[in-house]
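Asks: I am attaching a structure below and will ask some questions about it afterwards.
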Amino acid sequence: MSEDHYFSAEPASADERRVISVNLAGREVDVETAPGIFSPGHVDLGTQVLLRHLPPAPAGQVLDIGCGWGPLALTAALGTADARVTAVDVNRRSLDLTARNAERLGVAAQVTALEPDDVPTTLTFDAIWSNPPIRIGKAALHELLATWLPRLAPGGEAWLVVQRNLGADSLARWIGEQGWGEIEKVASAKGFRVLRVTRRAS
């Protein structure tokens, strides 16, 4: 499977849109997807595991790192009317799909899809949800997390899902060493670990 989507702002594959039915926030919905993005045909297994363990999104600022076509961002918006979701991705096709799906599902006012550099530097987040792109390599992954996890607001929580055999435990140790908050392994299922980072309330 091509990993073009991890690195390319403009995927090389044809932009052939199609509609699939998925379950988000406890209901069946139709969303638009396309080749050249992460998991274009379904909600991938890691994200499914994460969704089963996530609490409802807070009524505040939520960040989805690596949004793809939008399953996490859309779930946050559908589940919490006062959630304000920033969905980031390097892949512009993913951003377009997330924005279009938010409009399709009636939550466009809650979801903003942006390239990472376009997120206001002063914005902090009450929750961060992500199935992070482990396959970009350890150095790039550490840089990615070091960009966003320090932007957790006091009392905020980051929820991540990582494959066990792709270094979930070593990543958890590394996060714990950075001083961004308390790290906890919340669950293990289907070869994945769900990690929670909690920023201490000031």
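Rule-based calculations on the coordinates, nothing more; no lab input. These figures come from a predicted structure and were not determined experimentally. For neighbour counting, all protein chains shown are included, and Cβ atoms are generated from backbone atoms with ideal geometry for every residue, glycine included.
Asks: Helix 138-148 versus the longest principal axis of the chain: what angle, 0 to 90°, nearest 10, using Cα atoms?
Replies: Once rounded, one gets 90 degrees.
Asks: So how strong a dipole does the chain carry about its Cα centre when Lys and Arg Cβ are +1 and Asp and Glu Cβ are -1, to the nearest 20 debye?
Replies: On the way: 20 positive and 24 negative charges, 132 e Å.
In total the dipole reaches around 640 debye.
Asks: I've got another one for you. Using a/c under 1.5 as the rounded threshold, could you call region 4-198 rounded, prolate or oblate? The axes a ≥ b ≥ c are square roots of the C-alpha gyration tensor eigenvalues, and prolate needs a/b larger than b/c, oblate otherwise.
Replies: Taking the square roots of the gyration eigenvalues as a ≥ b ≥ c, region 4-198 is rounded.
Asks: Under a 10 Å cutoff between Cα atoms, tell me which one of Glu182, Glu32, Glu143 has the largest fluctuation in the Gaussian network model of the chain.
Replies: The residue that fluctuates most here is Glu143.
Asks: Using Cα pairs under 8 angstrom and six or more residues apart, how large is the relative contact order of region 133-202, in percent?
Replies: Relative contact order of region 133-202: 36 percent.
Asks: If we count other beta carbons within 10 Å of each Cβ, what is the order of Ile128, Ile183, fewest first? It would help to have the intermediate numbers written out before the result.
Replies: Values: Ile128 25, Ile183 19.
Neighbour counts put them in this order, fewest first: Ile183, Ile128.
Asks: Hey, another quick one. Rank the residues Phe192, Phe38, Phe125 as a footprinting-exposure proxy: fewest other Cβ atoms within 10 Å of their Cβ go first. Show your work: numbers first, answer last.
Replies: Working: Phe192 23, Phe38 20, Phe125 26.
In order of increasing Cβ crowding within 10 Å: Phe38, Phe192, Phe125.
Asks: Ignoring everything except DSSP H segments at least 4 long, calculate the 222 nm mean residue ellipticity for the chain; use -39,500 (n - 2.57) per segment, divide by total residues, nearest 500.
Replies: Numbers: 6 runs with 56 residues, N = 202.
When only DSSP H runs of four or more count, the value is -8000 deg cm²/dmol.
Asks: What is the chain's relative contact order, in percent, from Cα pairs under 8 angstrom and six or more apart in sequence?
Replies: 18 percent
Asks: Does region 1-103 come out rounded, prolate or oblate by the C-alpha gyration tensor, with a ≥ b ≥ c the root eigenvalues, rounded set by a/c under 1.5 and, if not, prolate when a/b is larger than b/c and oblate if not? Kindly include the intermediate steps, with their values, before the conclusion.
Replies: Numbers: a/c = 1.79, a/b = 1.57, b/c = 1.14.
Cα axes put region 1-103 in the prolate bin.
Asks: Sort Leu105, Leu63 so that the residue with the fewest other Cβ atoms within 10 Å of its own Cβ comes first and the one with the most comes last.
Replies: Details: Leu105 20, Leu63 27.
By the 10 Å Cβ count, ascending: Leu105, Leu63.
Asks: So, one more: If I take R0 = 25 Å and measure r between the Cβ atoms of Ala59 and Glu182 in this structure, what FRET efficiency does the formula 1/(1 + (r/R0)^6) give, to the nearest 0.05? If you can, show how the numbers build up before the last one.
Replies: On the way: r = 23 Å, r/R0 = 0.91.
Efficiency at R0 = 25 Å is approximately 0.65.
Asks: Would you work out which of Gly106, Trp148, Trp174 lies farthest towards the positive end of the dipole of the chain? Charges go on Cβ: Lys and Arg +1, Asp and Glu -1.
Replies: Farthest towards the positive pole: Trp174.
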